[in-house]
Amino acid sequence: MKDFPIIRIEDFYSFKEKEQESIRRKVINQIKRADWDNNYVLKEDAFTENLYNQFVKTAQKHLVKFNLNPKLNRPFCFAVASNQDFIPSVNWHNHLMTSTINSVYYLHIPKKMKGGEIEFKSRRGDILKITPRTNELYIFPAWLWHNPINVESKELRLSINMEIICDKTMKEIFNESK
């Protein structure tokens, strides 16, 4: 797994009773109002603040000790919705220009989803394909190329991307050998 420095956290966010469906509707409504803008920055509220803070704490727990860069770090949550009728214009990409640590949180995965996986590409060009589940978080270095596969279902897949800019390099954070 050295070629794919990915941390997978199942059952990442602790929702209160019926909160997940309410948040799902709020996220969809925000994206709709933005004309289905790709990587829509969600309005800061209790959920996005808690989600981002929990992401930071989880990254600090699983990775080398680091501090957020107070001048550069942005605690934003970027939402992406996709289904068979709405295909975001996202292909292979990385986050080298915007972060040190990257993540994708899956707020909702359709029960009968076809496609919808996420692919990761190692430095050697090997591909790892993962089928995400609802309420999973993936944490990985900003250099790691990834590609969301198109969803072939009516129901929306909702993912939330978050980034950290910190005081360490990616090599230090992910214990990569030189």
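The values are calculated or read from the model by the stated rules, or taken from the named source; none is laboratory data. Quantities reported herein were computed from a predicted structural model and do not represent experimental measurements. Here the Cβ positions follow ideal geometry from the backbone for every residue, glycine too, while neighbour counts run over all protein chains shown. Ligands, DNA and RNA are excluded from the accessible area calculation, which covers all protein heavy atoms including side chains. Shrake-Rupley method; radii C 1.70, N 1.55, O 1.52, S 1.80 Å.
From the list Asn67, Asn73, the one residue that fits, being at pLDDT 95 or above and loosely packed, with under 12 Cβ neighbours inside 10 Å, is Asn67.
Any chance the range 95-103 includes a residue that's assigned to a loop (DSSP other than H, G, I, E, B), in contact (Cβ under 8 Å) with a residue 60 or more places away in the chain and open to solvent by less than 20 Å² (accessible area, probe 1.4 Å)? Step through it out loud before you land on a result.
At the first step, the residues of the range 95-103 found to be assigned to a loop (DSSP other than H, G, I, E, B) are 95-100.
Still in the running and in contact (Cβ under 8 Å) with a residue 60 or more places away in the chain: 95, 98-100.
From what is left, the residues that are open to solvent by less than 20 Å² (accessible area, probe 1.4 Å) are 99-100.
Yes - at least one qualifying residue is present in the range 95-103.
From the list Asp11, Asp85, Asp3, the one residue that fits, being under 17 Å from Asn102 (Cα atoms), open to solvent by 40 Å² or more (accessible area, probe 1.4 Å) and in contact (Cβ under 8 Å) with a residue 60 or more places away in the chain, is Asp3. Would you tally the residues in the range 27-65 being in contact with a helix residue (DSSP H, G or I) (Cβ under 6 Å, 6 or more places away or on another chain) and closer than 15 Å to Tyr13 by Cβ? Number of matching residues: 2.
Within the range 25-50, being open to solvent by less than 60 Å² (accessible area, probe 1.4 Å), closer than 14 Å to Ser82 by Cα and touching a residue at least 60 places away in the same chain (Cβ under 8 Å) holds for Val27, Ile28.
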